[in-house]
Amino acid sequence: MKTYSSIFIVCIMVMFSCKEEPIGQQALDSIPPGPVSNVTWEAVAGGAIFKYTLPDDEDLLYVKAVFMLRDGEKNTRVSLYSDTLLIDSFGDTEPKEVKLIAVDRSRNESPAVSLTIIPLPPIVSTIEESLSLLADFGGVHAYWDNPTRADIGVVILQKDHNEEYTPIETIYSSMIVGDGATKGMDTIPGEFAVYIQDRWGNKSETQYHSLTPIYETKFDRLKFNAVYLPGDAGPGAGWVMSNMWDGIRGEQGYSSPGGTGIWPHMVTIDLGVLGLLSRINISQRTGNSNDYIYNEGNPKSFSIWGCETLVTDGEWDSWTKLMDCESIKPSGQPRGINTNEDIDRGRNGEDFTCPPTNPKVRYIRILVTRTWAGGDNFQISELEVYGDNR
């Protein structure tokens, strides 16, 4: 009993000692910093850039801007090491009140400096000027320009049987020249719509279109066969051509041999059926931790050629160039730095679109002239071919 009583007393003492211990950072003083001064602003898309002189306060921590959006009060902060603050989250060009407040390490706040600004049109409005929605093979295709690389979503909608427009595809992108499509749709006329949205929920005006998707199907990969013509590259390190159409994406696929002193490399594929190609989707070799995406031997510059009847001499006279292709990294980051968008595009495939004026072909030839790392061999994890093979 004495032991249990001692333990009880100790626990009570610990509880009281814990309550006496201050929680969190304690105020160092109660003196607020002075306000920012010499404030100027310059209108930008969706907001303004503010410049100011910081108060002379030795424990200054940051400056914050307080403003209202549609869903309530918001604020953005910059540290004491900057004299510039950006707001770009407004969705219209109506006058906006912004309050600039200096905050010190004791969380004391200075008197607010209040300004009224008039933002330039938000980025969703400027991008919407270049936005178009066109009929495409197997669906509809949106195109737009985004010169500032803003993080946006492009929402494609279709009118349903209740006469309501519902989203069927949202493409998130920061690419300078962006595009995205819906696929797998029947060739039935439909009513479609499209708009741009940003990360703050601002939306552009909605465009409405009456469009009819063009027939498209995926070519049967089980009918594909490797063809070896004079001058074609063979397999490297056992990565044979049939790996390109085995349905498996990732750290496997086809590789041409390196170190041969021969470049560029080309391969030839029998699609097993005559058809009009709409697009070719190429998934990249990933590496074990996605470090090969937009890197190493993944193709960067290449061309795709086609013919209906195969001539086996390896010469190019009987081949028609279907398209020149350039692999484009969505983020624009340097090689070796990948965003989630880069990884998703690299793993799941990059579409290369064929002009509808091309002839029907049964055989294709891929001529790789440059890889992302600039080496003398290339790899493709998976290749899918789409079009009209009826």
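Here the dipole of the chain is about 760 debye; that uses its Cα centre as origin and unit charges on the Cβ of Lys and Arg (positive) and Asp and Glu (negative). Computed from Cα atoms, the angle from the helix 2-20 axis to the main principal axis of the chain rounds to 90 degrees. Element breakdown for region 212-356 at a 1.4 angstrom probe: carbon and sulfur atoms account for 48% of the accessible area.
Could you report the chain's accessible area per residue, 1.4 Å probe, as an integer in Å²?
Counting only protein heavy atoms, the per-residue value for the chain is 52 Å².
Candidate cross-link partners of LYS300 among the lysines, defined by an alpha-carbon separation under 17 Å and a same-chain spacing of 8 or more, comprise LYS329. Looking at this model, which pairs from LYS159/LYS218; LYS223/LYS321; LYS183/LYS203; LYS64/LYS96; LYS218/LYS321 are more than 18 angstrom apart at the alpha-carbon? Pairs exceeding the cut-off: LYS159/LYS218; LYS223/LYS321; LYS183/LYS203; LYS218/LYS321. Looking at region 80-182, the GluC sites (Glu not before Pro) that sit in a DSSP loop and have at most 13 other Cβ atoms within 10 Å of their own Cβ are GLU129, GLU163, GLU164. Each peptide among 266-273, 71-78, 36-43 gets the average number of other Cβ atoms lying within 10 Å of its residues, and from highest to lowest they stand as 266-273, 36-43, 71-78.
Computed over region 238-390, the P(r) tail beyond 22 angstrom holds 39 percent of alpha carbon pairs.
Each of VAL227, SER210, TRP144 was scored by the projection of its Cα onto the charge dipole of region 142-263, and the greatest displacement toward the positive side belongs to VAL227; charges sit on the C-beta of Lys, Arg, Asp and Glu. Amide H contacts of ILE214 (H built 1.01 Å from N, in plane; Pro and chain starts excluded): ASP136, PHE137, GLY138, GLY139 sit under 5 Å, all sequence-distant by 5 or more or on other chains. Loop-located trypsin sites (Lys or Arg not before Pro) in region 90-184 (DSSP state not H, G, I, E or B) with no more than 15 neighbouring Cβ atoms inside 10 Å: ARG107, ARG149.
Could you work out how far the C-alpha centroid of region 113-170 sits from that of region 281-334, in angstrom? Between the Cα centres of region 113-170 and region 281-334 lies a distance of 30 Å.
The values are calculated or read from the model by the stated rules, or taken from the named source; none is laboratory data. Note that this is a predicted model, so its numbers are computed, not measured. When we count neighbours, we look across all protein chains shown, and the Cβ atoms used for this are built from the backbone with ideal geometry, even at glycine. Quick note on the areas: whole protein, heavy atoms, side chains included, nothing else; ligands and nucleic acids left out. Shrake-Rupley method; radii C 1.70, N 1.55, O 1.52, S 1.80 Å.
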